[in-house]
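The values are calculated or read from the model by the stated rules, or taken from the named source; none is laboratory data. On a predicted model such as this, the values are computed, not experimentally measured, just so you know. Every residue, glycine among them, receives a Cβ derived from its backbone with ideal geometry; neighbour counts consider all protein chains shown. Calculation scope for accessible area: heavy atoms of the full protein, side chains included, ligands and nucleic acids excluded. Shrake-Rupley method; radii C 1.70, N 1.55, O 1.52, S 1.80 Å.
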Amino acid sequence: MISPDAARNVVGIIGNVISFGLFLSPVPTFWRICKRKDVEEFRADPYLATLLNCMLWVFYGLPVVHPNSLLVVTINGVGLVVEGTYLVIFFLYSPNKKRLRMMAVLAVEAAFMVAVVLGVLLGAHTHEKRSMIVGILCVFFGSIMYFSPLTIMGKVIKTKSVEYMPFFLSLVCFLNGVCWTAYALIRFDIYVTIPNGLGALFGAVQLVLYACYYRTTPKKQPTKDVEMPSVVSGSGPGAAAGNVSVTVERHDASCRT
């Protein structure tokens, strides 16, 4: 009989692998930026938001805040490195105006994290209180990031086409949410459950929409690259949102029914 802790560790390791793959999903976008030496119309906002989210979850998983959450720290620590790399690339190939804006946002995020860390460590003296404060912040920011796919889902319903919602990405987001929700339920952690439960729910809705509308998607013609928002509920949950460059098919409006 597998103990609950052992089962939780296995599920958490699987979640780390899936989340790592989702953190890497914007790689095609940055490969394109490096090749063209220009960020074009891509924005740094999703990566800045994910960076803050990962910092909060790393802090949440530390023993001084929420013991026995090593797997939360590992995947979100990896997320910090990955998102930091994306932002460095973005900074190198951005015009000065975008660079200044990035620096301003990063300064605000750094100041916010310093305030959170000092406030929690100096003002809360039990694991329960520290977990509650940081956990609420993680749930708040993580849940907000999960609303980003709603725009894509609305577009699918409006156009009756799944061209902007790749099946594989929707499936992996669903599995990621399910995995981390299971992780949180084995040793109940409401702060990990809420954002990842939302991730599983939205992922399931995307799969249902795909099943409903993939037959009415216009026939494929010459391709072009577009930027699609994606969300990753990192480890027990760092939610990671980013823009994924995917290839979709161009079609004439007259093809729609």
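Is it true that residue 70 is within 19 Å of residue 176 (Cα to Cα), free of Cβ contacts under 8 Å to residues at least 12 places away in the same chain and in contact with a helix residue (DSSP H, G or I) (Cβ under 9 Å, 6 or more places away or on another chain)? In short, yes.
Could you check the stretch 52-66 and list, in sequence order, the residues that are in contact (Cβ under 8 Å) with a residue 12 or more places away in the chain and either closer than 16 Å to residue 19 by Cβ or open to solvent by 50 Å² or more (accessible area, probe 1.4 Å) (or both)? 53, 54, 55, 56, 57, 58, 60, 61, 64 - these are the residues of the stretch 52-66 that are in contact (Cβ under 8 Å) with a residue 12 or more places away in the chain and either closer than 16 Å to residue 19 by Cβ or open to solvent by 50 Å² or more (accessible area, probe 1.4 Å) (or both). Residues of the stretch 17-31 that are open to solvent by 40 Å² or more (accessible area, probe 1.4 Å), within 16 Å of residue 84 (Cβ to Cβ) and touching a residue at least 12 places away in the same chain (Cβ under 8 Å): 20, 24.
Please work out if residue 91 is open to solvent by less than 50 Å² (accessible area, probe 1.4 Å), closer than 21 Å to residue 109 by Cα, at pLDDT 90 or above and not polar (S, T, N, Q). No, not satisfied.
In the stretch 165-201, the qualifying residues are those that are modelled with pLDDT of 90 or more and of a type in the set (Phe, Trp, Tyr), and the one that is nearest to residue 142 (Cα to Cα) is 191.
Just the residues that are open to solvent by 30 Å² or more (accessible area, probe 1.4 Å), touching a residue at least 24 places away in the same chain (Cβ under 8 Å) and either closer than 12 Å to residue 43 by Cα or of a type in the set (Val, Ile, Thr) (or both), please, taken from the stretch 74-84.
Kept after step one, since they are open to solvent by 30 Å² or more (accessible area, probe 1.4 Å), are these residues of the stretch 74-84: 74, 78, 80-81.
From what is left, the residues that are touching a residue at least 24 places away in the same chain (Cβ under 8 Å) are 74, 78, 80.
Those that are open to solvent by 30 Å² or more (accessible area, probe 1.4 Å), touching a residue at least 24 places away in the same chain (Cβ under 8 Å) and either closer than 12 Å to residue 43 by Cα or of a type in the set (Val, Ile, Thr) (or both): 74, 78.
Scanning the stretch 156-171 for residues that are within 21 Å of residue 25 (Cα to Cα) and either of a type in the set (Asp, Glu) or free of Cβ contacts under 8 Å to residues at least 12 places away in the same chain (or both) yields 163, 168.
Listed here are the residues, each with its yes/no results for (1) in contact with a strand residue (DSSP E or B) (Cβ under 9 Å, 6 or more places away or on another chain); (2) free of Cβ contacts under 8 Å to residues at least 40 places away in the same chain; (3) open to solvent by less than 80 Å² (accessible area, probe 1.4 Å); (4) not polar (S, T, N, Q).
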position: 86; (1), (2), (3), (4): yes, no, yes, yes
position: 115; (1), (2), (3), (4): no, yes, yes, yes
position: 118; (1), (2), (3), (4): no, yes, no, yes
position: 133; (1), (2), (3), (4): no, yes, yes, yes
position: 137; (1), (2), (3), (4): no, no, yes, yes
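Going through the stretch 158-204 one residue at a time, which ones are of a type in the set (A, V, I, L, M), in contact with a Leu (Cβ under 7 Å, 6 or more places away or on another chain) and open to solvent by 50 Å² or more (accessible area, probe 1.4 Å)? Selection gives 171 alone. Filtered by the rule that a residue be touching a Pro at 6+ places or on another chain (Cβ under 7 Å) and more than 23 Å from residue 196 (Cβ to Cβ), the stretch 140-169 gives a lone residue, 161.
Quick check: is even one residue across the stretch 180-188 part of a helix (DSSP H, G or I), of a type in the set (A, V, I, L, M, F, W, C) and in contact with a strand residue (DSSP E or B) (Cβ under 7 Å, 6 or more places away or on another chain)? Checking the stretch 180-188: at least one residue is part of a helix (DSSP H, G or I), of a type in the set (A, V, I, L, M, F, W, C) and in contact with a strand residue (DSSP E or B) (Cβ under 7 Å, 6 or more places away or on another chain).
Any residue at all in the stretch 4-23 that's outside any helix (DSSP H, G or I) and at pLDDT below 90? Spell out how you get there, then give the answer.
Applying the first criterion (outside any helix (DSSP H, G or I)) to the stretch 4-23 yields none.
Scanning the stretch 4-23, I find no residue that is outside any helix (DSSP H, G or I) and at pLDDT below 90, so the answer is no.
Screening the stretch 27-128 for helices (runs of 4 or more DSSP H) wholly inside it with 3 or more residues that are among the small types (Gly, Ala, Ser) and within 30 Å of residue 15 (Cβ to Cβ) returns the ranges 70-92, 96-123.
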